[in-house]
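> Right, I'll just put the structure down here and ask away after.
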Amino acid sequence: MEEKFNRLIFIPVAAVLFLMIGYQYVCPADSNTCYFRSDEKGLFQRYSSGFELVYTEPEADEDLPSRITSKFNFTERDLDRHVDFNIRGDDVMVFLHIQKTGGTTFGRHLVKNIQLEQPCDCMPGQRKCTCHRPGKAESWLFSRFSTGWSCGLHADWTELTSCVPVVMNKRDKKSAPKNKRNFYYITMLRDPVSRYLSEWKHVQRGATWKTALHMCDGRPPTQDELPACYSGEDWTGVPLADFMSCPSNLANNRQVRMLADLSLVGCYNMSSVSELERGRVLLASAKANLRNMAFYGLTEFQRKTQYLFERTFGLRFIRAFTQINSTRAASVGISEKVRWRIEGLNALDMELYEYAKELFLRRYQYNRQKQHQEERLRRWQERQQRQQMHRTYLAQLWRLGGGGGGGEEVEEEVKVLEEVATTEDYSSQVVRW
């Protein structure tokens, strides 16, 4: 009698549990298969393990083109950028700050907007922040807002690569040779015409950068090698025509010059090689250095820049990057003739930016596809784990209900659950497609 009563109780209990388990397969907690639509957006998405910072889809004006025009041959090694950045060890992140590329904004993100075990200490009213490693009085970041202009104002690739190891070893009181430490170089690039106009407006307001060292092969350029474009303290109020007319204006092809190894062409000695050969060598060097950098971003793609940085270094920003298109350069109206002139003065930068933009978008596309693969693998592993747990649970439940010979029924229920799980996986893919 008691055995019959147990069986009667077991049937409704098992039915309820079966429905609950089936629902978990069809609508698991971390799936988007069953949800109510919402217009809310944000960086925080709830997972079963708590709150985790995740990347949201780019806004409409940043959507990836349906097809990226392929002009350059990039290998998978070029696209797959991942840095095992050891912030507790000796690794150093070096920010190469090119003028008027949004570097000031990005530099502030580095010291104020990254989730860290030991955040940078930024005191109100001070320009520099203290970015120490956890438990150490050593800096993990070399940038304007952390170490200052320790290698000179807006130091370029040629200056930084020879200066940073010496400066950082001295600051941290380390005697290890520079090849024992990892220095990960990062930078920002910008559309050359917009960047050039922005620099002109900045110089027009009184900026000079005349304290920049321009060190190369152990010495600064002579006055003959790099003559000034103006007499007096600054170039305030300079018309655009005069700004474009100075042949020694460092605004011309600035991005290529600051990313290339200048020692390959005799530094600032213009007579060492022909102008054509100099341009060819500098462009090739800038492309190689940019491609081999740990990371670079583009001013025109702020959210993608944030996403790629997070994927590359395994670090997360607290707040989302903001795309600001209403810049001073954007407000400057120029004729097509003037635009062609600027493009001609920055022909090397134009080619570098075309190269950098395609590589950047391909890296973004590659990482998004890789992320989707990782998410599918994670969901599959979670399903396998849940299936195993449910098999064990159903078998124990059947034994507790007095089912001595019910092995076949248990197997049938397990098969049904597996079919439901397969349906859930397929339906989630349909939603994604």
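The values are calculated or read from the model by the stated rules, or taken from the named source; none is laboratory data. All values reported here derive from a predicted model rather than from experimental measurement. Note: ideal-geometry Cβ built from the backbone for every residue, glycine included; neighbour counts use all protein chains shown. Just the protein is used for accessible areas: all its heavy atoms, side chains included, with ligands, DNA and RNA removed. Shrake-Rupley method; radii C 1.70, N 1.55, O 1.52, S 1.80 Å.
> Would you give the gap between the C-alpha center of region 161-210 and the C-alpha center of region 124-158, rounded to a whole Å?
If we compute the Cα centre of each part, the gap is 11 Å.
> Would region 281-322 count as rounded, prolate or oblate if I go by the C-alpha gyration tensor, calling it rounded below 1.5 in a/c and otherwise prolate when a/b exceeds b/c, oblate otherwise?
Cα axes put region 281-322 in the oblate bin.
> Would you tally the net charge around Asp121, using a Cβ to Cβ cut-off of less than 14 Å, leaving Asp121 out, and scoring K and R as +1, D and E as -1?
+3
> I would also like to ask the following. Cα gyration tensor of region 75-124, axes a ≥ b ≥ c as square roots of the eigenvalues: rounded (a/c below 1.5), prolate (a/b > b/c) or oblate?
Oblate shape, in that a/c is at least 1.5 and b/c is the bigger or equal ratio.
> Of the beta bridges DSSP finds with both residues in region 60-193, what % are antiparallel, to the nearest 5?
20
> If I histogram all Cα-Cα distances within region 213-330 using bins 10 Å wide from 0, what percent of pairs lands in each bin?
Cα pair-distance distribution for region 213-330, in percent: 11, 30, 29, 24, 7.
> For region 181-262, state which chymotrypsin sites (Phe, Trp or Tyr not before Pro) are in a DSSP loop and have at most 16 other beta carbons lying within 10 Å of their beta carbon. Spell out each step's value before the answer.
On the way: sites: Phe183, Tyr184, Tyr185, Tyr196, Trp200, Trp209, Tyr230, Trp235, Phe243; in loops: Trp209, Tyr230, Trp235.
Taking region 181-262 and a limit of 16 other Cβ atoms within 10 Å, the loop chymotrypsin sites (Phe, Trp or Tyr not before Pro) found are Trp209, Tyr230.
> Using only alpha-carbon positions, what ratio does the radius of gyration of region 216-264 give when scaled by 2.2 N^0.38 Å?
That works out to 1.32 for region 216-264.
> Give a quick list of trypsin sites (Lys or Arg not before Pro) in region 172-228 that DSSP marks as loop, anything other than H, G, I, E or B, with at most 15 other Cβ atoms within 10 Å.
Lys173, Lys174, Arg205, Lys210
> May I pose another question? Return the subset of Lys337/Lys357; Lys304/Lys370; Lys174/Lys210; Lys71/Lys357; Lys71/Lys304; Lys100/Lys180 for which the Cα-Cα distance in this structure is over 23 Å, preserving the input order.
Violating the 23 Å Cα-Cα cut-off are Lys337/Lys357; Lys174/Lys210; Lys100/Lys180.
> Here's something else I'd like to know. From Cα coordinates alone, what are the radius of gyration and Dmax values for region 142-237 in angstrom?
For region 142-237, the Cα-based Rg and Dmax read 16.3, 49 Å.
> Next question, about the same structure. Enumerate the amide H contacts of Val94 below 5 Å, restricted to partners 5 or more residues apart or on another chain; note that Pro and chain-start residues carry no placed amide H.
Amide H neighbours of Val94: Phe142, Tyr184, Tyr185, Ile186.
> At 4 °C and 1.567 mPa s, grab the translational diffusion coefficient of region 157-206 from Stokes-Einstein with a Kirkwood Rh over Cα pairs, rounded to a whole number in µm² per second. Write out the running numbers ahead of the final one.
Numbers: Rh = 13.8 Å.
Diffusion coefficient, whole number: 94 µm²/s.
> Quick one: with all protein chains in place, what share of the accessible area of region 216-312 is carbon or sulfur, to the nearest percent (1.4 Å probe)?
For region 216-312, the apolar C and S fraction of the accessible surface comes to 52 percent.
> What do you get when you divide the Cα radius of gyration of region 253-396 by 2.2 N^0.38 Å, with N the number of residues?
Dividing the Cα Rg of region 253-396 by 2.2 N^0.38 Å gives 1.61.
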